[in-house]
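Heads up, the thing below is written out as structure tokens.
The values are calculated or read from the model by the stated rules, or taken from the named source; none is laboratory data. From a predicted model like this one, the values you see are computed outputs, not experimental measurements. Please note: Cβ atoms are built from the backbone with ideal geometry, for glycine as well, and neighbour counts cover all protein chains shown. Calculation scope for accessible area: heavy atoms of the full protein, side chains included, ligands and nucleic acids excluded. Shrake-Rupley method; radii C 1.70, N 1.55, O 1.52, S 1.80 Å.
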Amino acid sequence: MAQIPVTLLTGFLGSGKTTVLNRLVQQPDMADAMVLINEFGEIGLDHLLVAHSREDVVVEMSSGCLCCTIRGDLVRTLVSILDAADRNEARRFARVVIETTGLADPTPIVHTLATHPALKERYRFDGVVTAIDSRNGEATLGAHVEAVKQAAMAERLLMTKTDLVDEQALAQLRERLYSINPVAQVMPVSHGEVDARRILDIGLFTVDGKIADVQKWLADERFNDHEHHDHHGHGHSQDCDHHQHHHDVNRHDDQIRAFCFIIDDPIPDHVLTEWLDVLMSLLGVSMLRIKGILNVEGQEQPIVIHGVQHVFHPPVALDAWPSDDRRSRIVFITRSIGRETIEQSFRIFREADAIRATAAGPVLG
């Protein structure tokens, strides 16, 4: 059974995400969507039309989009709306959009979707869309670490209220957002107007279960201008250099690092598993996002990995490489962990494996 994609729409208080959601639910591409919100009264959707409101669990909007309140527990809500659809008590839906509170950390929701036994077979995480107030975004990012984390974990960054600021302010905010998250697509938004097709099906899979454009999903080409080679020959990183931006000791995003780690040779499967296990167990809280396409020794097909902090989604084997480039490429977005730490850790595991192989000696028949 095809998994239902879940998109998280987040943004700090006053970021304009409610206006964005009001525009989204009116579009045809959202007609088969279930929108989960915290409280109808808080978000103030303009287009609600109650079709069946048993305890206000599910309402149908005038656009045809379905809407449901998160009643305390996200798991219970997601299970109940799916059960209602299975029993034909509610119209079926093909996707879910969750509007989070302004102070919300997206990570627990992603963890829940990836690990909860009642959800992981029926739902899949598609991506984070974060709204940033163009007028107050700089101040918000400087004052609130939650806002920085929301930006760092996003696939799409919506610069809202662009009609209220000049081009210089927009350029400065865009540069700062790039320094936090160079792999996210930054989209200027005025009056909440955004094409739903640009923020849906942005993960590894499309809504029909097909593999999406992996190179766009990975976005590793955005690091090409910042290449740093590892002198030991095991790989190198292309780094988004944050030091080129003006430094402020009060900026939370000065701790964010983004880089693409490239490994030229095929990776032994056990080395890859051991290395990633150690990274997740020791540094997981600082690993905001990990996305990669890997050349694993003995495998003809490329393997795609995707992790959010402590949780790795199951690896996916692609049918074929998306280009002639057969190198492993892993994009990291971390907090307080530099690329040197990642490079050194991989080097240690690779060299330890070579030592073990030498000690074992040739196998004689």
Problem - the stretch 134-215, accessible area per residue, ligands and nucleic acids excluded (1.4 Å, Å²) - result: 43
Completion exercise
With every protein chain kept in place and a 1.4 Å probe, the residues LYS216, LYS210, LYS149 fall, from largest accessible area down, as LYS216, LYS210, LYS149
Exercise for the section: Excluding residues on the same chain fewer than 8 positions from LYS120, give the lysines whose Cα lies under 21 Å from its Cα. Expected result: LYS210, LYS291
Handout entry: Most to least accessible of LEU288, LEU282 (protein chains only, probe 1.4 Å)
Key = LEU282, LEU288
Handout entry: Probe 1.4 Å - accessible area at ASP254, Å² to nearest ten
Key = 30
Exercise for the section: Note down the accessible area of TRP321, probe 1.4 Å, to the nearest 10 Å². Expected result: 40
Practice task
Kindly provide the GluC sites (Glu not before Pro) of the stretch 154-199 that DSSP labels as loop, not H, G, I, E or B, and whose Cβ sees at most 14 other Cβ atoms within 10 Å.
Solution key: GLU193
Handout entry: In the stretch 288-365, trypsin sites (Lys or Arg not before Pro) in a DSSP loop with at most 16 other beta-carbon atoms within 10 Å
Key = ARG326, ARG327
Problem - Accessible area in the full protein assembly, largest first, 1.4 Å probe, for LEU36, LEU164 - result: LEU164, LEU36
Completion exercise
With the label point 7 Å along the Cα-to-beta-carbon line of GLN27 and a cut-off under 16 Å to each amide N, the hits in the stretch 176-217 are 185-203, 207
